[in-house]
1. Between the range 140-162 and the range 267-321, what is the separation of their alpha carbon centroids in Å?
2. So, taking all protein chains as they sit and a 1.4 Å probe, how much accessible area belongs to ASP262, in Å² rounded to tens?
3. Under the classification rounded if a/c is under 1.5, otherwise prolate if a/b is larger than b/c and oblate if not, where does the range 262-370 fall, given a ≥ b ≥ c as square roots of the Cα gyration tensor eigenvalues?
4. Which pairs, out of LYS178/LYS343; LYS189/LYS302; LYS228/LYS370; LYS177/LYS315; LYS55/LYS148, put more than 26 Å between their alpha-carbon atoms?
5. Sorted by mean Cβ packing within 10 Å, highest first, what order do the peptides 41-47, 301-307, 132-138 take?
6. If I compute mean projected area of the Cα convex hull in nm² from the structure I just sent, which labelled value in [x] 18.5; [y] 20.0; [z] 23.1 lines up?
7. Which of the trypsin sites (Lys or Arg not before Pro) found in the range 154-237 are in a DSSP loop and have at most 10 neighbouring Cβ atoms, other than their own, within 10 Å?
8. Return the distance in nm (one decimal) between the two label points of a simple spin-label model at ALA140 and LYS74, each offset 7 Å from Cα along Cα→Cβ.
Amino acid sequence: MKQAFLFFLLVFSFFSIKAQKNKVNLLVGTYTNSCSSRGIYVYEFDTNNAQIRLKKSSDSIVNPSYLSLSKDEKFVYAVNENGGESTVSSFSFDPVSGKPLLINSVSSKGADPCYLINDDKNVITANYSGGNISVFGKNADGSLTEAKQVVQHYGKGPNTVRQEKPHVHMVYFSPDKKYVLSNDLGNDKVYVYSYNPTATNDVLVLKDSVSVKAGSGPRHLTFSKKGKYVYLLQELDGSLTTFSYKEGKLTQIGETTILAKDYTGTFSSADIHVSPSGRFLYASNRGDANNISIFKISGKGKKLTLKGQISTLGKGPRNFTIDPTGKFLLVAHQYTNDIIIFKINKSKGTLTDTKKRFDLCSPVCLVFAK
C-alpha cells in the first residue's frame with residue numbers, strides 16, 4: 001500500500017511539474033485613454049492548450065503602448081505614449097505573482113515613444129513624434145537614469161500627411177548586439193548604429209543608413225533565424241523588403257508586398273515576425289484589410305513566397321506575437337479590444353482559429369516571458 005501511494009505521488013508530482021513548465025507569462029501593454037485600462041496586464045498562458053488566466057495588472061499608468069522585459073525577467077520597461085509629456089518607466093516584476101510595481105519614470109526626451117529595447121546596461125526608445133532615439137542607463141535596482149543620449153533624425157518624405165518630418169518607429173538589436181537598427185517612417189530610411197553599451201555619451205554612433213522607396217514608410221523589421229537577412233515592413237505602401245545583412249551593412253536583394261492582388265481598400269501595415277523554426281514569416285495589416293499575410297522563407301532566408309492571408313477576426317491588428325513553442329500566434333486588436341489566438345501548422349505555416357479569445361481594452365503590445 002505504501003509503495004503504491006509513493007508511486008502515485010511520484011507520478012502526480014511529475015505531471016504537476018510538467019504542467020507548470022508549460023505555463024508562461026504573457027505581458028500586455030495597452031492604451032488607457034480610449035477605454036477602461038490599468039495599463040500593463042500579466043496573464044498565465046498554457047502552451048499546451050492556449051488556456052489563459054489573468055494574474056495581475058499594474059497600478060494605473062498612462063498608455064504603456066510598448067513593453068520590454070529584462071533578460072532575467074526581474075524588470076519590465078514601458079513607454080508612456082503621451083505627446084509632449086511622454087515618459088519611459090521601469091517596473092519591478094515578480095514572475096510568480098505577475099505583479100509589475102513602478103520603480104521610476106523619466107522623460108522620454110521625444111514625443112510619443114512607440115518602441116523600446118533593453119539589455120544589461122541600457123534602455124533605448126524610438127520616439128515617433130519626436131523623430132529621435134533616446135538612450136537611458138540602468139541602475140542596479142532596475143531604475144532608469146535620465147537620458148544620456150538623444151539622437152535626432154532629419155528629413156521628410158513625399159506623403160505630406162504622414163511624412164512631414166522624421167518619425168522613428170522602431171529600434172532593434174542585431175543578433176550579436178553590436179548594432180542597433182532603426183526604422184524612420186517619416187524619411188524612408190533605415191539607420192544602423194554601432195552600439196557601445198558602456199559608453200557615457202556616445203552609446204549609439206551612426207555606421208550606415210539605407211533609403212527605401214519614397215513614400216513607403218518603414219515601420220518594423222526582423223531578422224532571419226540565422227541573422228543573415230533582414231525583412232523590412234513598410235506601413236504606407238505595404239512593401240516587404242529583404243536585405244542581406246553583415247556586420248552592420250544592409251544590402252537590398254528583393255522586394256514584394258503583403259497586399260493581395262488587386263486589393264483596393266485602405267491598409268496600414270503593422271507588425272512582422274518570423275516563426276521560431278525560421279521557415280515562415282508573418283505580417284499584419286490594418287485599415288480595411290485586418291489580416292495576416294503568410295510567407296514561406298526559402299533560399300536559406302533570401303526568398304519569400306506568399307502562401308496566403310487570413311483574417312485576424314478583429315479590427316486594428318497592431319501587434320502580434322508567437323508563443324515560445326511556436327504552436328500559437330496571438331493577435332492584439334487595438335479597436336475591437338480583444339486578443340485572438342490562432343494555432344500554427346508548423347509544417348505548412350497556416351493559421352487556424354482556436355476559438356479562444358479574451359477581451360481587453362485597446363491591447364497594442366504582447367510580450368512572452370521565456
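The values are calculated or read from the model by the stated rules, or taken from the named source; none is laboratory data. The structure presented is a predicted model; accordingly, all values stated were derived computationally and were not measured. For neighbour counting, all protein chains shown are included, and Cβ atoms are generated from backbone atoms with ideal geometry for every residue, glycine included. For accessibility, only protein heavy atoms count, side chains too; no ligands or nucleic acids. Shrake-Rupley method; radii C 1.70, N 1.55, O 1.52, S 1.80 Å.
1. If we compute the Cα centre of each part, the gap is 27 Å.
2. In the full protein context, ASP262 sits at about 130 Å².
3. Values: a/c = 1.86, a/b = 1.22, b/c = 1.52.
The shape class here is oblate.
4. Numbers: LYS178/LYS343 35 Å; LYS189/LYS302 21 Å; LYS228/LYS370 24 Å; LYS177/LYS315 35 Å; LYS55/LYS148 35 Å.
Pairs exceeding 26 Å: LYS178/LYS343; LYS177/LYS315; LYS55/LYS148.
5. On the way: 41-47: 19.7, 301-307: 16.9, 132-138: 24.6.
Ranking the peptides 41-47, 301-307, 132-138 by packing returns 132-138, 41-47, 301-307.
6. Label of the calculated value: [y].
7. Working: sites: LYS156, ARG162, LYS177, LYS178, LYS189, LYS207, LYS213, ARG219, LYS225, LYS226, LYS228; in loops: LYS156, ARG162, LYS177, LYS178, LYS213, LYS225, LYS226, LYS228.
Answer in residue order: LYS226.
8. 1.1 nm
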